[in-house]
Amino acid sequence: MRPYDNPCAAGTFNQYTGASVSSQCASCLSGKYCESYALIGTQSDCDAGYYCTDGSISRAPLASLFSGYSIGDICPQGSYCAAGSSTGATCSGGFYCPDQFMSSLVSTNICQQGYYCSGGAQSPSPNGVFTTLIGESAQGGGDICGVGKYCAVQSSAEASCTAGTYLPYQGAYASSECLPCTQGEYCSTAALGTTDGACSAGYFCVAGANSATAERCYDDHYCTAGTLSMIPCDPGYYTTSTGSSSCTVCPAGKFCRGTSTTNDCPNGYYCTGDNKTPCPAGTYMASATGATSSSSCDACPAGSGCRVPNIKADCSAGFYCSGSTYTPRPNDPSA
């Protein structure tokens, strides 16, 4: 070789004549290798299971043997490298690539149920960390399926439990594991690990409710926060509207049997809450309604008998009624 004849170095090539400086030697194309010097073109593809960057000098490069050179390397875990690769292809979602030197995606290497492999997974049950092409740890690659979600086999992403359900544990693999929201509570959004809490006062929530105001409490019932079902008002109480969280005491002179309305105490009776009490025998009530005590009942007058609370009858022939008599035939021996 003459003193001024300079070959292009390994890792480069020059396909033109007349070059005068080394910068006219082009770097070997990525995915190819240029192992010899004085090349006029690239050599063959980088070997399967490896990747070759620009300027590679080996068909099966090992970065550890060529410190200071950017030549490529073994295809790392979480990737695969076909022949002629310039970088590792990230393992596809739903699959995992557990080994170095992989040249293709293996169809049987599918992500395990209860986990998702989002891309670059190195295990069928990834833990959220993977090794990069330069050997560093990074977040990603997939993970165990989180609470409120499920992952079927070969999942590339988590699927969420729907509103009205929740799932309190990790690693679920089917929608059937999503639990209906607990009765008395609600689950307003998808992907919940716990319920949102108790249903609002004045409302009740059946199992699977997705709103705090799922069902409005009916008339003559009340609903405390988180109640499992409507509670009927006790006798002597009533509600003023639907959606009540408590019942109201029946006013004096009214009669309430756990309904949404109050009724005037009928003639011949006096009322306190749920008690409708007839006037005592020997008394009667002429025409009043809404009585609150027995003081509204009048003594049956002499010459009359009062058995029905609001009816006064003349004393029967053959008898006499001295007053406060409960029948028009007092002490009738034939009765």
Quiz item: Going through region 1-54 one residue at a time, which ones are surrounded by 15 or more Cβ atoms within 10 Å (Cβ to Cβ), among the β-branched types (V, I, T) and either in contact with a Phe, Trp or Tyr (Cβ under 7 Å, 6 or more places away or on another chain) or not in a loop (DSSP other than H, G, I, E, B) (or both)?
Solution: T12, T42
Quiz prompt | Tabulated pairs, region 307-319, first modelled with pLDDT of 80 or more, second among the hydrophobic types (A, V, I, L, M, F, W, C), C-beta under 6 angstrom, 6+ apart or interchain | solution = C315/C321
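Name the one entry in A163, A172 that is in a loop (DSSP other than H, G, I, E, B), among the hydrophobic types (A, V, I, L, M, F, W, C), surrounded by 18 or more Cβ atoms within 10 Å (Cβ to Cβ) and out of contact with any Gly (no Cβ under 8 Å at 6 or more places or on another chain).
A163
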Quiz item: Looking at this structure, is C321 in contact with a Ser or Thr (Cβ under 9 Å, 6 or more places away or on another chain), surrounded by 18 or more Cβ atoms within 10 Å (Cβ to Cβ) and in a loop (DSSP other than H, G, I, E, B)?
Solution: yes
Quiz prompt | So Y326, is it among the aromatic types (F, W, Y) and surrounded by 14 or more Cβ atoms within 10 Å (Cβ to Cβ) | solution = yes
Quiz prompt | Top-ranked residue in region 64-86 [being surrounded by fewer than 17 Cβ atoms within 10 Å (Cβ to Cβ) and outside any loop (DSSP other than H, G, I, E, B); ranked as farthest from the chain's Cα centre (by Cα)] | solution = L65
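Limited to region 12-37, what total is found for residues that are of a type in the set (A, V, I, L, M) and at pLDDT below 85? Let's see the steps before the verdict.
Restricting attention to region 12-37, the residues satisfying the condition of being of a type in the set (A, V, I, L, M) are 19, 21, 26, 29.
Next, only the ones that are at pLDDT below 85 stay: 19.
Residues flagged as of a type in the set (A, V, I, L, M) and at pLDDT below 85 within region 12-37 amount to 1.
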Practice problem: Report, by residue number, each residue of region 279-312 that is surrounded by fewer than 17 Cβ atoms within 10 Å (Cβ to Cβ) and not in a loop (DSSP other than H, G, I, E, B). | Solution: S294, S295, D298, A299
Quiz prompt | Matching entry among A157, A252 (being assigned to a loop (DSSP other than H, G, I, E, B), within 30 Å of S293 (Cα to Cα) and touching a residue at least 24 places away in the same chain (Cβ under 8 Å)) | solution = A252
Practice problem: Scan region 183-199 for residues that are more than 8 Å from the chain's Cα centre (by Cα) and either hydrophobic (A, V, I, L, M, F, W, C) or buried (at least 19 other Cβ atoms within 10 Å of the Cβ) (or both) and jot them down. | Solution: G184, E185, Y186, A198, C199
Practice problem: Could you list, in sequence order, all residues of region 121-146 that are under 24 Å from S160 (Cβ atoms) and modelled with pLDDT of 90 or more? | Solution: A121, S123, P124, S125, P126, G142, D143, I144, C145, G146
Exercise. Could you tell me which residue of region 101-111 is surrounded by the fewest Cβ atoms within 10 Å (Cβ to Cβ), considering only residues that are farther than 8 Å from S155 by Cα and either in contact with an Asp or Glu (Cβ under 8 Å, 6 or more places away or on another chain) or touching a residue at least 24 places away in the same chain (Cβ under 8 Å) (or both)?
Key: S104
Quiz item: So which residues in region 41-52 are farther than 12 Å from T12 by Cα and either touching a strand residue (DSSP E or B) at 6+ places or on another chain (Cβ under 6 Å) or at pLDDT 90 or above (or both)?
Solution: D45, C46, D47, A48, G49, Y50, Y51, C52
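The values are calculated or read from the model by the stated rules, or taken from the named source; none is laboratory data. Everything quoted here is computed from the prediction, not taken from an experiment. Neighbour counts are summed over all protein chains in view; Cβ atoms, including those assigned to glycine, are modelled from backbone coordinates with ideal geometry.
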